[in-house]
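Data block below; observations after.
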Amino acid sequence: MRPSPACPRTCTTSTVTVRSWSTARARRRSHRVVGRTSTPPRRTRTECRPTRATPCSGVSVTRTLSTSVGRTRWDRSSPPASRTSRRSTSAWTGSTPTGSSSASTSSNQAIDVELLRPRVSNAAMVSSASAGGGMRPVPLVLALSLVALPAPAVDPPASYEQMAVDLLREYLQVDTTNPPGNELKAARFYKEILDREGIPSEIDEFAPGRANLLATLKGSATRRALILANHMDVVPADASRWTMPPFSGAVKEGLIYGRGAQDMKSEGILQLVTIIRARREGLALDRDVYFLATADEEVDFAGALRALSPAGWRERLGRAEYFITEGGENVIGDDGKPQYFGIDTAEKGPFWLRLTTSGTPGHGSRPLADSALNRLVRALERVRQHKTEMKVLPVVERFFRDQAATMEGPRAEWYRDLRKALLDPEAAQALYEDREASALLRNTISITVVRAGYKTNVIPGSAEAELDVRLLPGEDPQAFLAELRGVIDDPQVQIAPIGTFRNPNESPTDTELFRIIERTIRRHYPGVPVTTKMLSGATESVLIRPFGTVSYGFTPLLATSEEVATAHGDDERVREDTMRRSVAVFYDVVSDLCRHRN
Ligand SMILES: [Zn+2]
């Protein structure tokens with residue numbers, strides 16, 4: 001039997017004064033940081049419950065409610081006593097200007113999820129804010145529409161933006177450096193929030209300390225599910241090279257610092273806030289929405305492999321229609337404006353190789369021309385000199401063509417017709433030498449590891465090196481291996497793959513999700529082109545696409561090239577303003593794709 005869509009939540013007028021120890025604890029934690037203490041606060045809140053009085057049908061209902069709206073944030077510049085009394089007035093204060101000093105200072109506190117919880121629907125809050133945001137409860141006219149409507153292009157309440165910033169800062173403090181990962185800590189961080197929100201979730205600890213989490217918003221199952229996927233682990237950070245502690249979530253000059261700020265805890269929090277908002281607003285869904293947080297993406301995909309296995313959640317996840325994960329690239333240009341929104345529809349496949357040689361060891365005072373290390377050096381030099389063929393895939397062709405519109409000079413000509421450009425030796429050479437362009441046009445080889453020797457005066461008897469090879473979608477790894485053997489041309493140098501090779505794959509762009517992303521970006525960022533991208537790295541998309549699931553790397557977060565480069569680098573950071581602005585964009589995409597339609 002088809003379950004009925006969830007009832008929208010509305011607000012009753014009951015007002016409860018509570019003394020919250022859990023929130024007081026959180027506040028004490030934050031005060032300890034700045035050397036202050038406080039007593040548990042009194043707090044007034046408005047109760048929200050699903051109401052039977054609201055019919056769950058495809059009929060528009062207009063009703064008048066008198067409600068008090070819980071204050072959702074407070075200004076840290078106020079003394080604690082003043083904060084408490086102001087909070088108890090239950091006034092909605094409207095949105096905070098993006099990037100303002102008050103936004104930054106208020107986000108210095110530890111997160112208080114209860115405090116951030118808005119107690120009325122989005123429509124009610126917008127009405128309240130536009131009514132002047134008075135200090136007393138105000139009567140509101142709520143238009144509760146259950147009919148299928150496109151996602152409204154209105155800003156969400158500031159509470160969700162503040163929630164996203166605060167949750168990200170707290171999440172960045174959870175150290176999930178992989179190895180060893182310890183993603184169980186992050187899964188518990190998520191679960192505690194999801195439990196409070198009444199969103200069912202489960203943790204699968206598949207190895208000690210290693211865990212995945214799956215949360216579910218149930219829909220009517222008229223359409224196949226959407227998976228919002230994020231990995232919880234991060235790569236190691238060398239704190240001595242950072243200007244901020246890597247697990248601090250510190251904010252400086254509008255930037256939020258922390259390992260994972262780009263890759264990909266910020267995206268995880270956007271996904272989390274989206275399902276929280278959908279749940280609070282009683283968004284009726286035609287498809288299940290899964291929030292999937294995985295372990296071990298940065299090393300071996302152990303978490304995603306587990307989640308998609310029969311022992312994990314294959315039964316549910318394997319039937320999904322869409323999968324949104326990390327990737328995508330939305331670059332801010334030198335003029336401070338977004339240049340384009342790039343959606344990853346394809347990615348290259350890592351094909352890691354190990355080269356080994358052996359030979360006669362000996363004293364360093366009498367050189368051996370064909371020593372193991374000399375052979376390896378010769379082989380590596382041949383690999384370094386080798387030029388792989390440039391090829392134009394449709395996804396890449398579109399990306400270059402879309403960029404041409406905003407460029408000038410000969411490069412615009414090349415980008416407009418890439419195939420023609422590659423026939424021109426000068427253009428082909430320039431594109432080959434352009435690090436970013438080149439990675440999209442050919443199989444690449446980076447020499448990343450060399451091991452040999454242990455003492456300056458000993459010629460080693462063996463030597464090895466590792467190559468990070470990235471193949472374009474559609475390439476045959478065995479053919480590439482044969483090509484490389486020919487290049488090295490030395491039978492005493494053995495070449496063998498490291499680990500499992502997964503065929504790189506791609507998703508079509510002629511889909512409802514792609515069109516919704518285009519439409520949503522156009523609405524929020526008029527005039528900024530939406531284009532396709534191929535990721536030169538690898539994501540969990542490669543594992544889900546074989547199930548017949550369309551997978552995109554998509555994020556609304558903007559970054560300069562310098563900020564993008566901090567992923568896996570030093571001082572990883574994300575702009576607070578883009579975090580705030582992305583909350584509405586991401587919610588609009590998800591709600592537009594999943595909302596109930598008649
Ligand atoms: Zn990542």
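What follows is calculated from the coordinates using simple rules that are stated; it is not laboratory data. Computed from a predicted model, the values in this text were never measured in an experiment. Positions of Cβ are backbone-derived with ideal geometry, glycine not excepted, and every protein chain shown enters the neighbour counts.
How many percent of DSSP beta bridges within region 389-524 run antiparallel, rounded to 5?
100
Could you work out the local net charge near MET407, counting Lys and Arg as +1, Asp and Glu as -1, over the other residues with Cβ closer than 12 Å to its Cβ?
That sum, taken over residues with Cβ under 12 Å, equals 0.
Given 0.36 nm per residue, what is the gain on full extension from LYS391 to GLU483 after removing their alpha carbon distance, in nm?
31.5 nm
Lys and Arg at +1, Asp and Glu at -1: add these up for the other residues within a Cβ distance under 11 Å of GLN339 and post the number.
Net local charge, GLN339 excluded: -3.
Is the shape of region 150-244 best called rounded, prolate or oblate, per the rule: a/c under 1.5 gives rounded, else a/b larger than b/c gives prolate, else oblate, with a ≥ b ≥ c the square roots of the Cα gyration tensor eigenvalues?
Oblate, since a/c reaches 1.5 and b/c is not below a/b.
How do the peptides 166-179, 559-572 rank, highest first, by the average count of neighbouring beta carbon atoms within 10 Å per residue?
166-179, 559-572
Taking the Cα atoms of region 302-396, report the difference between the largest and smallest coordinate on each principal axis, in whole Å and largest first.
So the three principal-axis extents are 64, 50, 26 Å.
Kindly put ILE495, ILE227, ILE516 in sequence by how many other C-beta atoms sit within 10 Å of each C-beta, fewest to most.
Working: ILE495 17, ILE227 25, ILE516 20.
Placing the least packed residue first, the sequence is ILE495, ILE516, ILE227.
Sequence-distant or interchain residues sharing an amide H contact under 5 Å with LYS252, placed H: which?
Residues meeting the amide H criterion: TYR257.
Show which lysines lie in cross-link reach of LYS533 when reach means a straight Cα distance below 16 angstrom and same-chain residues fewer than eight apart are skipped.
Qualifying lysines at Cα under 16 Å: LYS348, LYS391.
Could you grab the relative contact order for region 432-511? Cα pairs under 8 Å, six or more apart, rounded to a whole percent.
Averaging sequence separation for qualifying contacts and normalising by length gives 25 percent for region 432-511.
Taking the highest mean first, how do the peptides 273-284, 355-366 order by number of other beta carbon atoms within 10 angstrom per residue?
Those peptides, ordered most packed to least, come out 273-284, 355-366.
Step through the residues of region 522-536 one at a time and calculate ³J(HN,Hα) from phi using the Karplus curve (6.51 cos²θ - 1.76 cosθ + 1.60, θ = phi - 60°), rounding each to whole Hz and writing x for Gly and Pro.
After applying 6.51 cos²θ - 1.76 cosθ + 1.60, I find 4, 6, 7, 10, x, x, 8, x, 10, 9, 9, 9, 10, 6, 7 Hz.
Residues of region 361-389 with amide nitrogen under 14 Å from the 7 Å Cα-to-Cβ point of THR456?
Hits in region 361-389 for THR456 at 14 Å: 364-365.
Which order do the peptides 388-400, 424-436 come out in when sorted by mean C-beta neighbours inside 10 angstrom, highest first?
388-400, 424-436
Which residues among region 432-461 fall inside the zone where the amide N is under 17 Å from a point 7 Å beyond the Cα of GLU381, along Cα→Cβ?
In region 432-461, the label zone of GLU381 (backbone N under 17 Å from the point 7 Å along Cα→Cβ) covers 447.
What nm value, rounded to one decimal, do you get for the distance between ARG314 and LYS337 when each label is placed 7 Å out toward the C-beta?
Here the answer is 5.0 nm between the modelled labels.
Using Cα centres only, tell me the gap between region 528-598 and region 284-309 in whole Å.
If you average the Cα positions of each part, the centres end up 16 Å apart.
For LEU308, which sequence-distant residues (separation of 5 or more, or a different chain) have an amide H within less than 5 Å of its own amide H, given hydrogens modelled in the peptide plane?
TRP313
Output the Kirkwood hydrodynamic radius of region 349-497, Cα pairs only, in Å rounded to one decimal.
17.4
Looking at the calculated P(r) for region 285-328, what percent of the C-alpha pair distances fall above 14 Å?
Summing the P(r) of region 285-328 above 14 Å gives 54 percent of all pairs.
Under the Karplus relation 6.51 cos²θ - 1.76 cosθ + 1.60, θ = phi - 60°, what is the ordered set of whole-Hz ³J(HN,Hα) values for region 591-597, x standing for Gly and Pro?
Ordered by residue, 3J(HN,Hα) equals 5, 5, 6, 10, 5, 5, 10 Hz.
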